[in-house]
Amino acid sequence: SLYRIVQEQLTNIQKHAAAGEVRLRLCNTSDEVCLHIEDNGAGFDLRKNRKGIGLMNIQNRVDMLNGEFSLHSAPGKGCRLEIRIPLNPDSINKG
């Protein structure tokens, strides 16, 4: 799932951001895995409806893993995606 999330976000950046730099950080603690993807691209207004399903796909994958998803962006300010997935197998939604 994390691979697909990274793939989806990198595709979003390639198609829409016109970014010159992308930073990807994957780390873990004993309790969770953290994924951060940040770009210096065009950014966008989070309040506006978007037609694509890319971010919705990411949110659905994170939800299936009972994780937390946050997205920070503004026009001209790039985009930062942050995801936290618990490592406790009992917390993962099997449905």
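The values are calculated or read from the model by the stated rules, or taken from the named source; none is laboratory data. Since this is a predicted model, take the numbers as computed values, not measurements. Cβ coordinates were reconstructed from backbone atoms using ideal geometry, including for glycine residues, and neighbour counts include every protein chain displayed. Ligands, DNA and RNA are excluded from the accessible area calculation, which covers all protein heavy atoms including side chains. Shrake-Rupley method; radii C 1.70, N 1.55, O 1.52, S 1.80 Å.
What the table below lists for this structure:
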{"quantity": "Residues satisfying the stated conditions in segment 26-68, i.e. surrounded by 16 or more Cβ atoms within 10 Å (Cβ to Cβ) and more than 23 Å from LYS15 (Cβ to Cβ)", "calculated": "GLU32, VAL33, LEU65, GLY67"}
{"quantity": "Subset of segment 9-25 [in contact with a Leu (Cβ under 8 Å, 6 or more places away or on another chain), open to solvent by less than 70 Å² (accessible area, probe 1.4 Å) and not aliphatic (A, V, I, L, M)]", "calculated": "GLN9, ASN12"}
